[in-house]
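Since the structure comes first, as structure tokens, the remarks are kept for the end.
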Amino acid sequence: MAVKGSAGKHLDLDFVLLCLMQMHEDVSGYQLHSFIEESTGYLYRAHLSQIYPALRRLRDEGLVTVTEVEREGKPNLKLYRITAKGAAAAKAWLVKPFVLENTRTSADRMFLKLVFMGHLEPASTIAYIDAGIANLTDQRNAHAANNMKKEIEFLNVEDAATLDRYKVIWQHELDFVLSEYDLRIARLQQLRDELMKLA
């Protein structure tokens, strides 16, 4: 089951909300916003102005139900709960192979999905991790082999001192990028090892 926005694109927010509702039943839009801010905020953020339209989409798709609770002197409180159809949509999103792009935000999105995989059987999560390790390793090796060469070829500078400064700056940046890849790969491998003990 694919959840789509008005432009026809699948929205990560819809699935993030569904996954959060698997962890918290009968939750308000404001509470969901707080969960995102306090738990997934490092990897993913959303404003209330995005969350409420997403909740309406999910309700219209039959992926969540809404219960209104009357409050004295205040508007009714809307509490959302995931349906079986919503749980199936969340699982389909989680197990779908992730196509990693050559950006930090793409790697963050890959790790974001892992945050919600506690509801899955370990084998599905391990397969996702294995694909992530392979993809990150390929990108890491491509950076290590080609990045500085491409950067220097792109630079059209004749002054030797300026060129040397660029080389030093870019080498430090490349080293940082490679260390970040190495850290992500190592953390995925460690997570895989720990999940294998639970399988």
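Annotations
- Percentage of interatomic Cα-Cα distances in the range 93-199 larger than 23 Å: 40
- The range 9-148: relative contact order as a whole-number percent, Cα under 8 Å and 6+ apart: 23
- Fully extending the segment from residue 71 to residue 48, taken as 0.36 nm per residue of separation minus the present Cα-Cα distance, adds 6.2 nm.
- Count Lys and Arg as plus one, Asp and Glu as minus one, and take only other residues whose Cβ is under 13 Å from that of residue 26; the net charge is then 0.
- Legend: residue pairs 96/167; 113/197; 85/113, Cα-Cα distance threshold 30 Å; pairs beyond threshold, 96/167.
- Length added when fully stretched, residue 190-residue 123, from 0.36 nm per residue minus Cα-Cα: 22.6 nm
- Cα-centred dipole magnitude for the chain, charges only on beta-carbon of K, R (+1) and D, E (-1), debye, nearest 20: 620
- Of the GluC sites (Glu not before Pro) in the range 95-199, the ones in a loop by DSSP (not H, G, I, E or B) with at most 12 other beta carbons within 10 Å are 158.
- Rounded percent of accessible protein surface that carbon and sulfur make up, the range 58-129, 1.4 Å probe: 54
- Axis of helix 12-23 versus longest Cα principal axis of the chain: the two differ by about 60°, to the nearest ten degrees.
- Applying 1/(1 + (r/R0)^6) with R0 = 30 Å to the Cβ-Cβ distance of residue 131 and residue 173 gives a FRET efficiency near 0.65.
- Principal axis extents of the C-alpha atoms in the range 1-149 (largest first, rounded to whole Å): 67, 31, 29.
- Think of a 1.4 Å ball rolled over the protein heavy atoms: the chain then has 61 Å² of accessible area per residue.
- Between the amide H of residue 83 and those of 64, 65, distances stay under 5 Å, these residues lying 5 or more places away or on another chain, with hydrogens modeled in the peptide plane.
- Per-residue ellipticity at 222 nm computed for the chain from its helices equals -22000 deg cm²/dmol, with DSSP H segments shorter than 4 residues left out and the rest contributing -39,500 (n - 2.57).
- Ordered by 1.4 Å accessible area with all protein chains kept, 24, 143 run largest first as 24, 143.
- Stretching residue 39 away from residue 183 to a fully extended chain increases their span by 49.8 nm, per 0.36 nm per residue minus the current alpha-carbon distance.
The values are calculated or read from the model by the stated rules, or taken from the named source; none is laboratory data. It should be emphasised that the depicted structure is a prediction, and the values quoted were computed from it without experimental measurement. Ideal geometry is used to build each Cβ from the backbone, glycine not excepted, and the neighbour counts take in all protein chains shown. Quick note on the areas: whole protein, heavy atoms, side chains included, nothing else; ligands and nucleic acids left out. Shrake-Rupley method; radii C 1.70, N 1.55, O 1.52, S 1.80 Å.
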